[in-house]
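Contents: one structure, followed by commentary.
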Amino acid sequence: MNVLCLSLLVGLNNAIPVLVAISHGAKDLHNCEVILSRGRLLCTLLFIPVIFLMLQCENILLLISIDEQVAAHAQTFTYCLIPAKFFYLQFDCYRHYFNATGQSHITLLAFCATIPLHFYWCHLFVNLWEYDIKGAALAMCITSLLNFLIMLIYAARYSTLFVCRKQVYSITGVKEYLKIAVPSMLMLCLEWWAYEILAFSASWISVSALGA
């Protein structure tokens with residue numbers, strides 16, 4: 001279910017590097033920022049219905065005959081992971097933006113700073129504090145938040161973001177964005193869901209097969 005929901009949201013962001021690269025090549029930096037802000041807004045709007053889908057994770061898994069204990073654990077993990085998904089989506093928008101404008105090193109530096117800490121969060125919440133599944137999700141929430149904050153702080157410090165706030169809510173440009181975003185989202189969904197079908201198929205054999 002996490003892959004199902006994430007593929008919808010991440011796929012929608014795939015329009016950002018295409019449109020930003022075109023505007024950046026034309027030296028229209030202002031439009032680059034408009035596209036970034038528009039992408040953040042659209043993925044946030046899509047995130048709202050996806051939340052309700054995530055909250056029904058256990059019921060959906062039980063509907064397709066997944067083991068009850070597996071479905072319960074999946075629901076707990078998915079529920080706790082909702083904030084992480086939001087922060088990751090915002091981070092993903094900035095990642096595409098920086099990559100398309102030739103600043104991919106920012107993403108690398110963010111990962112270098114947060115991945116070592118992620119191991120610590122996992123050890124702290126899972127092993128020391130014994131939060132189990134909730135601890136793993138909480139560690140992911142903190143790491144996703146830190147990644148997003150690094151991107152946000154860098155953008156606010158070295159870019160002219162947020163000067164085009166009024167244009168973000170304009171209908172102009174949304175249709176062009178969705179023409180690229182929706183097919184990209186569908187292609188990514190089909191790719192990721194193919195692997196999810198394999199996981200579901202394994203779960204119908206046995207829980208051990210799913211774990212393998």
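The values are calculated or read from the model by the stated rules, or taken from the named source; none is laboratory data. None of the values given here were measured: they were computed from a predicted structure. Cβ atoms come from the backbone with ideal geometry, glycine included; neighbour counts cover every protein chain shown.
Observations on the model:
- Residue satisfying condition, being more than 10 Å from the chain's Cα centre (by Cα) and among the basic types (Lys, Arg), within set LYS85, LYS27: LYS27
- ALA84 vs. criteria under 19 Å from LEU146 (Cβ atoms) and small (Gly, Ala, Ser): yes
- Exclusive hit being within 16 Å of ALA84 (Cβ to Cβ) and either touching a residue at least 60 places away in the same chain (Cβ under 8 Å) or of a type in the set (Lys, Arg) (or both), set PHE148, PHE125, PHE111: PHE148
- Positions within the range 58-80 being under 22 Å from ILE48 (Cα atoms) and not in a helix (DSSP H, G or I), in sequence order: none
- Flag if SER170 is more than 26 Å from MET54 (Cβ to Cβ), at pLDDT below 85 and crowded, with 16+ Cβ neighbours inside 10 Å: no
- Those residues of the range 87-137 which are outside any helix (DSSP H, G or I) and more than 23 Å from MET151 (Cβ to Cβ), in sequence order: TRP129, GLU130, TYR131
- In the range 30-55, the residues that are more than 19 Å from the chain's Cα centre (by Cα) and either more than 18 Å from MET151 (Cβ to Cβ) or of a type in the set (A, V, I, L, M, F, W, C) (or both): HIS30, ASN31, CYS32, VAL34
- Reported count of residues in the range 1-30, each being crowded, with 19+ Cβ neighbours inside 10 Å and free of Cβ contacts under 8 Å to residues at least 12 places away in the same chain, is 0.
- Any chance SER65 is surrounded by fewer than 16 Cβ atoms within 10 Å (Cβ to Cβ) and either among the aromatic types (Phe, Trp, Tyr) or in contact (Cβ under 8 Å) with a residue 60 or more places away in the chain (or both): yes
- Some residue of the range 38-54 being under 21 Å from SER203 (Cα atoms) and in a helix (DSSP H, G or I): yes
- Those residues of the range 8-34 which are farther than 30 Å from ALA72 by Cβ, assigned to a helix (DSSP H, G or I) and modelled with pLDDT under 90, in sequence order: SER23, HIS24, GLY25, LEU29, HIS30, ASN31, CYS32, GLU33, VAL34
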